[in-house]
1. Protein chains only, probe 1.4 Å: how do 125, 38 rank by accessible area, largest first?
2. How large are Rg and Dmax for the chain when calculated on the C-alpha trace, in angstrom?
3. If I stretch the segment between residue 66 and residue 28 completely, what's the gain in nm (0.36 nm per residue apart, minus their alpha carbon distance), one decimal?
4. Based on DSSP loop calls and a cut-off of at most 11 other Cβ atoms within 10 Å, the longest stretch of the chain free of exposed trypsin sites (Lys or Arg not before Pro) is what?
5. Where in the chain is the longest stretch that carries no GluC sites (Glu not before Pro) classed as loop by DSSP and with at most 12 other Cβ atoms within 10 Å?
6. Could you tell me what percent of the DSSP beta bridges with both partners in segment 26-143 are antiparallel, to the nearest 5?
7. Relative contact order for the chain using alpha-carbon pairs under 8 Å, separation at least 6, rounded to a whole percent?
8. What is the dipole size for segment 1-134, taken about its Cα centre, with +1 at each Lys and Arg Cβ and -1 at each Asp and Glu Cβ, in debye to the nearest 20?
Amino acid sequence: MAGGGGGGGGPAARAVLQRCVRASLQVKPADELSEARFVQIDRGMVIYICFFKGATEDILPKMVSTLLNLRLCESDSGKMVSVLELPGSLLIIPQATLGGKAKGRGMQYHSNISKEDGLRLYSAFVALCEKELTAAAAAAGSQVTMKHGTYGNRQVLKLDTNGPYTHLMEF
C-alpha cells in the first residue's frame, strides 16, 4: 500500500511523545528464577508506538524523521529543540492500547496490526531510531542512551518529567 497507510483510510500508526527527565521501564517481569529487569534513560523523550492493520515498512522513515526532529525537548538555555539536537536519550515503548476504540464501557482493538507484523515493524522502527540517534550523538560528541520495551509484554513504567508535555501523532 503506497505510503504505508492503515487499511480503510485510517492511520497506519499512532505515537505519543513525552519528554522526560528520567524514565525506567520493566523489560522482563520477575519469575521464579530471576528478578524483574529494567532499562533506564535520563533526559530525553519517551515514544509510545502502536501500528494498525495495513501498516507497512514504507511509513517508518517518515515516522522516525518526524518524531525525532520535532522540537519538544528543552535545552539548557530554555530553547525548544529536538531530541536529536539536544541530543537526548530515547525510550521506545510498544503500546497496543493506543489502538483502542471505546465500545460501550469496554475497549476494542480490532484495528491493531497482527502481533507478528507488529513485532516486525516495531523492531524496524527501533533500529531506525537507534541509527538516527547514534549518528546525532556522534556528530555532537555526546553520549546518549537508547532503550526500548519488549513487544508483547506488559509495560511497567516510571516517568519523571519537568511538566507534562505530551503529544499525539498519527501517520
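The values are calculated or read from the model by the stated rules, or taken from the named source; none is laboratory data. Quick caveat: nothing in here was measured; it's all calculated off a predicted structure. Using ideal geometry, Cβ is built from the backbone for each residue, glycine included, and neighbour counts are taken over all protein chains shown. All accessible areas refer to the heavy atoms of the entire protein, side chains included, with ligands and DNA or RNA removed. Shrake-Rupley method; radii C 1.70, N 1.55, O 1.52, S 1.80 Å.
1. Listed by decreasing accessible area, they come as 38, 125.
2. My reading of the Cα-based Rg and Dmax gives 16.3, 52 Å.
3. Result for the pair: 10.7 nm of gain on full extension.
4. Between exposed loop sites, the widest span is 1-78.
5. 36-171
6. Close to 55 percent.
7. This gives 33 percent for the chain.
8. 540
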